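Down below is the structure, laid out as structure tokens.
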Amino acid sequence: QVQLVESGGGLVQPGGSLRLSCAASRSIFSIYRMSWYRQAPGKARELVATIASSGSTNYADSVKGRFTISTDNSKNTVYLQMNSLKPEDTAVYYCNAGVPCAGRTDWGQGTQVTVSS
């Protein structure tokens, strides 16, 4: 099991930027697929971005071109750089680490992102 701690959320104006961090309790990126999800009030949790151990990335269409997922293996940390933020990006953002073929998945506690003028 992996412990994940998100940070970096906050209040920003539309068009602004934030960088979310997800610190893992140990080195996992050679094995785990890392993802960011988000959930707005009254909405289903949705996948925002994923990075595989190979470095391959995938993004939801709604954030493509604006968000970037990356890892710093030396720090056991996953980042989500969010640019050109929109009010509809407002949500709690969750970090996820998983090995689907092994039935393993772990979640962080979430960090609130609010985009508002």
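The values are calculated or read from the model by the stated rules, or taken from the named source; none is laboratory data. Being a predicted model, the structure only gives us computed values, none of them experimental. Ideal geometry is used to build each Cβ from the backbone, glycine not excepted, and the neighbour counts take in all protein chains shown. Ligands, DNA and RNA are excluded from the accessible area calculation, which covers all protein heavy atoms including side chains. Shrake-Rupley method; radii C 1.70, N 1.55, O 1.52, S 1.80 Å.
Miscellaneous remarks
- Residue match in segment 104-115 (condition: open to solvent by 60 Å² or more (accessible area, probe 1.4 Å) and out of contact with any strand residue (DSSP E or B) (no Cβ under 8 Å at 6 or more places or on another chain)): no
- Within segment 86-107, none of the residues are in contact with a helix residue (DSSP H, G or I) (Cβ under 8 Å, 6 or more places away or on another chain), among the aliphatic types (A, V, I, L, M) and outside any helix (DSSP H, G or I).
- Filtering segment 59-78 to residues that are touching a residue at least 24 places away in the same chain (Cβ under 8 Å) and within 25 Å of CYS101 (Cβ to Cβ) leaves ILE69, THR71, ASN73, ASN76, THR77, VAL78.
- Scanning segment 1-58 for residues that are open to solvent by 70 Å² or more (accessible area, probe 1.4 Å), in contact (Cβ under 8 Å) with a residue 60 or more places away in the chain, farther than 15 Å from GLY110 by Cα and part of a loop (DSSP other than H, G, I, E, B) turns up GLN1, GLN13, ILE31.
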